[in-house]
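The values are calculated or read from the model by the stated rules, or taken from the named source; none is laboratory data. Predicted model, so just to flag it, every value in this text is computed and none were measured. Because the Cβ atoms are built from the backbone with ideal geometry, glycine has one as well, and the counts that use them run over all protein chains shown.
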């Protein structure tokens, strides 16, 4: 059951960009729950940032998302949306909204953009600028942006374009190596970190 706020004219139109729903949740006590549906639900960038929990992860996602959006020519938005970025700085918030608007209007063009981006990133891999394992991290924020705004994209063919991940050559330190590092370490904080690592190694045995 929904109802207008007590004492409010049902025909009243608020000048603010939001809608208020008042739902009766307990008929016996006549308690009501007030929910505001504001304009943020249409803000693609806000939906994106609010879907990421960790602050450090959010910073990384924003950085990689900005890198992707900056590679999309203004002409693409002009051709398919009839508009270009208003800010010369290509603000990430505005660019995110334009990209989502484009994705909602023409998913085929969106896939073409994603495939072109993967090809560009693969060139960085081929020139040894980045590791093959980094490619998926470049795509994660794009997936998060689309998902947060409920735009469904089939990634099956795009994922097949990705370079094969390589196995890391890193290995765990041996006891002897940790002992030597502790002996040579002059910083108290680093020393404590090494001791913690050493303790965990013993506990794992």
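A few notes on this one:
- Residue check for residue 122: buried (at least 16 other Cβ atoms within 10 Å of the Cβ) and modelled with pLDDT of 80 or more: yes
Residue-by-condition table, conditions (1) surrounded by 11 or more Cβ atoms within 10 Å (Cβ to Cβ); (2) modelled with pLDDT of 65 or more; (3) over 13 Å from the mean Cα position of the chain (by Cα); (4) assigned to a helix (DSSP H, G or I):
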{"position": "15", "(1), (2), (3), (4)": "no, no, yes, no"}
{"position": "22", "(1), (2), (3), (4)": "yes, no, yes, no"}
{"position": "49", "(1), (2), (3), (4)": "yes, yes, no, yes"}
{"position": "53", "(1), (2), (3), (4)": "no, yes, no, no"}
{"position": "61", "(1), (2), (3), (4)": "yes, yes, no, yes"}
{"position": "77", "(1), (2), (3), (4)": "yes, yes, yes, yes"}
{"position": "83", "(1), (2), (3), (4)": "yes, yes, yes, no"}
{"position": "94", "(1), (2), (3), (4)": "yes, yes, yes, yes"}
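- Restricting region 125-142 to residues that are assigned to a helix (DSSP H, G or I) and exposed (fewer than 15 other Cβ atoms within 10 Å of the Cβ) leaves a set whose member that is farthest from the chain's Cα centre (by Cα) is 126.
- Residue list for region 143-156, restricted to those being touching a residue at least 12 places away in the same chain (Cβ under 8 Å) and assigned to a helix (DSSP H, G or I): 143, 144, 145, 146, 147, 148
- Near pairs, Cβ below 7 angstrom, 6+ apart or cross-chain, from region 80-98 (in the same structural domain as residue 65 (by TED's automatic domain parsing)) to any residue that is part of a loop (DSSP other than H, G, I, E, B): 80/106; 90/70; 94/85; 94/86; 94/87; 95/85; 98/85
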